[in-house]
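J.: First, the structure itself, so that you have it in front of you.
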């Protein structure tokens, strides 16, 4: 997986934290630019790029979870 995480929960958590960091970065740019400069790279790191990259990773994480679940069900008698 390039954009995904090991679990869907972790991926959703990273997305939520990235969204908060992005929102705070855009919210503070009008008053002072220092928090904005610190929060924007954090948001990009949490999203593993852009929000579209995060969405692609969500699909990758969900597909990996689905495949692991089906493999486990096939192995269990």
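The values are calculated or read from the model by the stated rules, or taken from the named source; none is laboratory data. Please read all numbers here as calculations on a predicted model, not as lab measurements. No Cβ is skipped: glycine too gets one built from the backbone with ideal geometry, and neighbour counts run over all protein chains shown.
J.: So for the range 59-67 (the condition being touching a helix residue (DSSP H, G or I) at 6+ places or on another chain (Cβ under 8 Å), in contact (Cβ under 8 Å) with a residue 24 or more places away in the chain and surrounded by 14 or more Cβ atoms within 10 Å (Cβ to Cβ)), does at least one residue qualify?
T.: Checked the range 59-67: at least one residue is touching a helix residue (DSSP H, G or I) at 6+ places or on another chain (Cβ under 8 Å), in contact (Cβ under 8 Å) with a residue 24 or more places away in the chain and surrounded by 14 or more Cβ atoms within 10 Å (Cβ to Cβ).
J.: Would you check if there is a residue in the range 45-67 being over 14 Å from the mean Cα position of the chain (by Cα) and not in a helix (DSSP H, G or I)?
T.: No, because not a single residue in the range 45-67 is over 14 Å from the mean Cα position of the chain (by Cα) and not in a helix (DSSP H, G or I).
J.: Report the residue count in the range 14-32 for those that are within 20 Å of the chain's Cα centre (by Cα) and loosely packed, with under 15 Cβ neighbours inside 10 Å.
T.: 4
J.: I would also like to ask the following. Going through the range 21-53 one residue at a time, which ones are at pLDDT 90 or above and within 17 Å of residue 9 (Cβ to Cβ)?
T.: Across the range 21-53, the qualifying residues are 46, 47.
J.: Restricting to the range 1-44, name every residue that is assigned to a loop (DSSP other than H, G, I, E, B) and closer than 14 Å to residue 61 by Cβ.
T.: 1, 2, 3, 4, 5, 6, 7
J.: Which pairs have Cβ atoms under 6 Å, sit 6 or more apart or on different chains, and link a residue in the range 33-50 that is surrounded by 13 or more Cβ atoms within 10 Å (Cβ to Cβ) to one that is assigned to a loop (DSSP other than H, G, I, E, B)?
T.: Listed by first residue and then by second, the contacts come to 36/29; 48/3.
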